[in-house]
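As structure tokens, the structure follows; a few thoughts come after it.
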Amino acid sequence: MATTMQFGESYQERVYLPGGEWVRMRLLRPGDKELLHKGFNSLSAHSRYKRFLAVKKTLSKKELCYFTEIDQEDHFALCIVGWDKKSKQDVGIGVGRFIRLGKDSDCAEVSLTVIDRMQGKGIGRLLLEKLIVAATERDIKRFRFECLPQNQEMKKLVQKVCPIVEFKNDAGIMIADAVITERETDSRQHSLNMFEGLIDLMGGFAAETLKLQSGIGFEMVRPSLDALFELRGRVG
Ligand SMILES: CC(C)(COP(=O)(O)OP(=O)(O)OC[C@H]1O[C@@H](n2cnc3c(N)ncnc32)[C@H](O)[C@@H]1OP(=O)(O)O)[C@@H](O)C(=O)NCCC(=O)NCCS
């Protein structure tokens with residue numbers, strides 16, 4: 001794997017979600033079997049059905065190996081991990097993966113999963129945008145998605161992120177074939193996320209300082225707070 005790749009083995013980034021939570025994004029590793037298993041167990045039956053297109057009650061050891069012991073080239077997976085303050089442990093939030101359809105093919109099949117309580121917060125979109133960048137680094141030019149025809153969330157997500165897409169129905173499965181193009185919005189959006197996170201941290205710090213040091217006149221801190229809120233307005 002070339003070292004200049006953004007999505008090489010050491011790839012890791014912190015992402016600030018619009019809901020106000022920091023999460024980490026990195027490549028899925030062989031050591032993530034338990035994390036993946038727990039994440040799968042936390043999914044509703046409905047989400048599992050939408051992901052696997054069948055009733056799926058458990059992930060076997062063999063499947064856990066298949067999903068985590070991957071070459072990150074023809075079979076690539078990214079995960080989003082949060083921190084559970086109660087158990088003081090990582091918690092799996094989402095996984096995005098693609099698997100090249102045959103040796104030398106420039107097409108890969110994509111799957112996305114976000115745990116139920118975190119759905120609808122932009123994580124699926126973020127994962128898909130990152131997968132596109134990782135795929136173009138691996139000479140993949142097309143993505144295939146196989147979903148239930150009633151999976152409108154997925155359909156809308158694909159349409160938003162992949163403007164060049166064709167949908168067809170094959171034996172009760174909705175197949176979306178998309179030509180992928182790396183868009184400049186990816187890194188820009190990330191910078192905005194990081195920027196907003198920084199502003200939040202600074203705002204929180206200023207508020208704490210005000211609470212702790214009641215001796216500081218509010219008027220002294222007021223200009224910095226105003227500047228922060230003005231900045232946030234411009235970013236948003
Ligand atoms: C499909 C899935 C990955 C989407 O992830 P997500 O984090 O919930 O989606 P996002 O919040 O990023 O939403 C992205 C877009 O999808 C669409 N979308 C998401 N949830 C939606 C919903 N409940 N209804 C309609 N559209 C929805 C919207 O267009 C949204 O963009 P917008 O917020 O700008 O309007 C997630 O719902 C999931 O894991 N579902 C179960 C497994 C699955 O279906 N996998 C797909 C088969 S491989």
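Quick notes on this structure:
- Considering the stretch 36-58, and only residues there that are in a helix (DSSP H, G or I) and hydrophobic (A, V, I, L, M, F, W, C), the residue that is surrounded by the fewest Cβ atoms within 10 Å (Cβ to Cβ) turns out to be ALA45.
- Hits in the stretch 115-125 - residues which are open to solvent by 20 Å² or more (accessible area, probe 1.4 Å), within 9 Å of the ligand (Cβ to nearest atom) and under 13 Å from GLU21 (Cβ atoms): LYS121, GLY122
- The residue that is surrounded by the most Cβ atoms within 10 Å (Cβ to Cβ), among those in the stretch 25-35 that are closer than 16 Å to ILE123 by Cβ and without any contact (Cβ under 8 Å) to a residue 60 or more places away in the chain, is LEU35.
- Residue match in the stretch 53-68 (condition: within 12 Å of the ligand (Cβ to nearest atom) and in contact (Cβ under 8 Å) with a residue 60 or more places away in the chain): yes
- Qualifying residue in the stretch 66-88 (condition: of a type outside the set (Asp, Glu), at pLDDT 95 or above and open to solvent by 50 Å² or more (accessible area, probe 1.4 Å)): yes
- Checklist (1) open to solvent by 20 Å² or more (accessible area, probe 1.4 Å); (2) touching a helix residue (DSSP H, G or I) at 6+ places or on another chain (Cβ under 6 Å); (3) β-branched (Val, Ile, Thr) applied to VAL15, failing item: (1)
- Scan of the stretch 121-171 for residues that are charged (D, E, K, R), out of contact with any Asp or Glu (no Cβ under 8 Å at 6 or more places or on another chain), in a helix (DSSP H, G or I) and touching a residue at least 60 places away in the same chain (Cβ under 8 Å), ordered by number: GLU137
- Condition met for ALA176 (more than 22 Å from MET5 (Cβ to Cβ) and either basic (Lys, Arg) or at pLDDT 95 or above (or both)): yes
The values are calculated or read from the model by the stated rules, or taken from the named source; none is laboratory data. No experiment lies behind these values; they were computed from the predicted model shown. Cβ atoms come from the backbone with ideal geometry, glycine included; neighbour counts cover every protein chain shown. When the accessible area is computed, the model is the full protein with side chains, heavy atoms only, and any ligands, DNA or RNA have been set aside. Shrake-Rupley method; radii C 1.70, N 1.55, O 1.52, S 1.80 Å.
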